[in-house]
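To start, the structure under review is shown below, and the notes come after it.
The values are calculated or read from the model by the stated rules, or taken from the named source; none is laboratory data. Just so you know, these numbers come straight off a predicted model, no measurement behind them. Glycine gets a Cβ as well: all are built from the backbone with ideal geometry, and neighbour counts include every protein chain shown. With ligands, DNA and RNA removed, areas are computed over all heavy atoms of the protein, side chains included. Shrake-Rupley method; radii C 1.70, N 1.55, O 1.52, S 1.80 Å.
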Amino acid sequence: MVLPERIDTGLLDWLAGLTLRTVMVVHCNHPNEIDDSVARAMQRLAQAGVTLLNQSVLLQGVNDDAGTLARLSERLFAAGILPYYLHQLDRVQGAAHFEVDDARARGLLCALRCRLPGYLVPRLVREVPGERSKQPL
Ligand SMILES: *Cc1c(COP(=O)(O)O)cnc(C)c1O
């Protein structure tokens, strides 16, 4: 999201030449991050055959309302990206003010399910140290 110029001809040619199916997970937390240059870069990746998925972190005061999350999913889709994960944050030092409690997070997901087709609803997860996969909430 922050360096769309990185999706340059060299990278696109390399990706297009691969025989394996390529999946790229990008990280976008808010619809305002998807400006025209990001959308163009994502469209070029899609044209190179890359399957594009997004992961976000649920952040209090940034994207913790159903309207913002729904617009995020719709803008991602318009740019050729499907929502994949919505993470509860890792409890690192200095991030406590961004935390959204699990009950509210589940409520937001419920609201998204009512507003959006299923393919635009991300999986709500948390990463638990030592676990081999993300934990669904
Ligand atoms: C979750 C995650 C993975 C694993 O993705 P899965 O599709 O859940 O297997 C790999 N890299 C990063 C940075 C991740 O956050």
Name the pairs: first residue in region 121-137 and in a loop (DSSP other than H, G, I, E, B), second residue open to solvent by less than 100 Å² (accessible area, probe 1.4 Å) and hydroxyl-bearing (S, T, Y), Cβ to Cβ under 8 Å, at least 6 apart or on different chains? V121/S73; P122/S56; P122/S73; P122/Y84; P122/Y85; K134/Y85
Restricting to region 22-38, name every residue that is farther than 20 Å from Y84 by Cβ and either of a type in the set (S, T, Y) or part of a strand (DSSP E or B) (or both). S37
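I'm checking my understanding of the structure. Among residues of region 3-21 that are in a loop (DSSP other than H, G, I, E, B) and at pLDDT 95 or above, which one is farthest from D36 (Cα to Cα)? It would help to see each step written out before you state the result.
Of all residues in region 3-21, those in a loop (DSSP other than H, G, I, E, B) come to 3, 7-8, 17-21.
Now narrow it down to the ones that are at pLDDT 95 or above: 3, 7-8.
Numbers: L3: 12, I7: 14, D8: 15 Å.
Residue satisfying both the conditions and the ranking: D8.
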So, first residue at positive phi and part of a helix (DSSP H, G or I) in region 39-54, second residue open to solvent by 30 Å² or more (accessible area, probe 1.4 Å) and more than 16 Å from the ligand (Cβ to nearest atom), Cβ within less than 6 Å, six or more apart or across chains; the pairs are none
Output yes when any residue across region 84-103 is modelled with pLDDT of 95 or more and over 25 Å from V128 (Cα atoms), and no when none is. no
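Which one of G67, G61 is in a helix (DSSP H, G or I) and loosely packed, with under 15 Cβ neighbours inside 10 Å?
Numbers: G61 fails: in a helix (DSSP H, G or I).
Only one candidate passes the filter, namely G67.
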Scanning region 80-96 for residues that are of a type in the set (S, T, N, Q) and within 13 Å of the ligand (Cβ to nearest atom) gives Q88
Just one of the numbered conditions (1) at pLDDT below 95; (2) surrounded by fewer than 16 Cβ atoms within 10 Å (Cβ to Cβ) is not true of A48; which one? (2)
Among the residues of region 14-29, write down those that are open to solvent by 60 Å² or more (accessible area, probe 1.4 Å) and under 15 Å from A46 (Cβ atoms). A16, L18, R21, V23, V25
Run down D8, D90 and say which single residue is in contact with an Asp or Glu (Cβ under 7 Å, 6 or more places away or on another chain) and open to solvent by 20 Å² or more (accessible area, probe 1.4 Å). D90
If you go through region 101-123 one residue at a time, do you hit one that is within 13 Å of the ligand (Cβ to nearest atom), open to solvent by 60 Å² or more (accessible area, probe 1.4 Å) and under 17 Å from S56 (Cα atoms)? yes
